[in-house]
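The values are calculated or read from the model by the stated rules, or taken from the named source; none is laboratory data. Since the structure is predicted, the reported quantities are computational estimates derived from the model, not experimental observations. Neighbour counts run over all protein chains shown; Cβ positions are idealised from the backbone, glycine included.
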Amino acid sequence: MLVDLTPIVDGTGPARLLDMVAGRSKAALKDWLTARDPAFRDRIKVVTMDGFELVKMFV
């Protein structure tokens, strides 16, 4: 799940669902971002990912 938190950070509204993408991997995120136009990517300031897979490796 890809969510835009900009409205929350700016105090202008709720989070906005951007897309649902299969997988929780760096590759899935990279593929999704590559499919966006450069103007969209240039506006990205922060990216966070669910750490579940990393945690699962150590539990």
| Which members of segment 18-34 meet the condition of being aliphatic (A, V, I, L, M) and surrounded by fewer than 10 Cβ atoms within 10 Å (Cβ to Cβ)? | Met20, Ala22, Ala27
| Number of positions in segment 1-19 that are part of a loop (DSSP other than H, G, I, E, B) and touching a helix residue (DSSP H, G or I) at 6+ places or on another chain (Cβ under 9 Å) | 4
| task | Filter segment 1-17 for residues that are hydrophobic (A, V, I, L, M, F, W, C) and either at pLDDT 95 or above or exposed (fewer than 12 other Cβ atoms within 10 Å of the Cβ) (or both) and give the result. | result | Met1, Val9, Leu17
| remark: With the first residue restricted to segment 20-32 and required to be without any contact (Cβ under 8 Å) to a residue 40 or more places away in the chain and in a loop (DSSP other than H, G, I, E, B), and the second required to be among the aliphatic types (A, V, I, L, M) and surrounded by 12 or more Cβ atoms within 10 Å (Cβ to Cβ), Cβ contacts under 6 Å at 6 or more apart or on different chains are Val21/Ala28
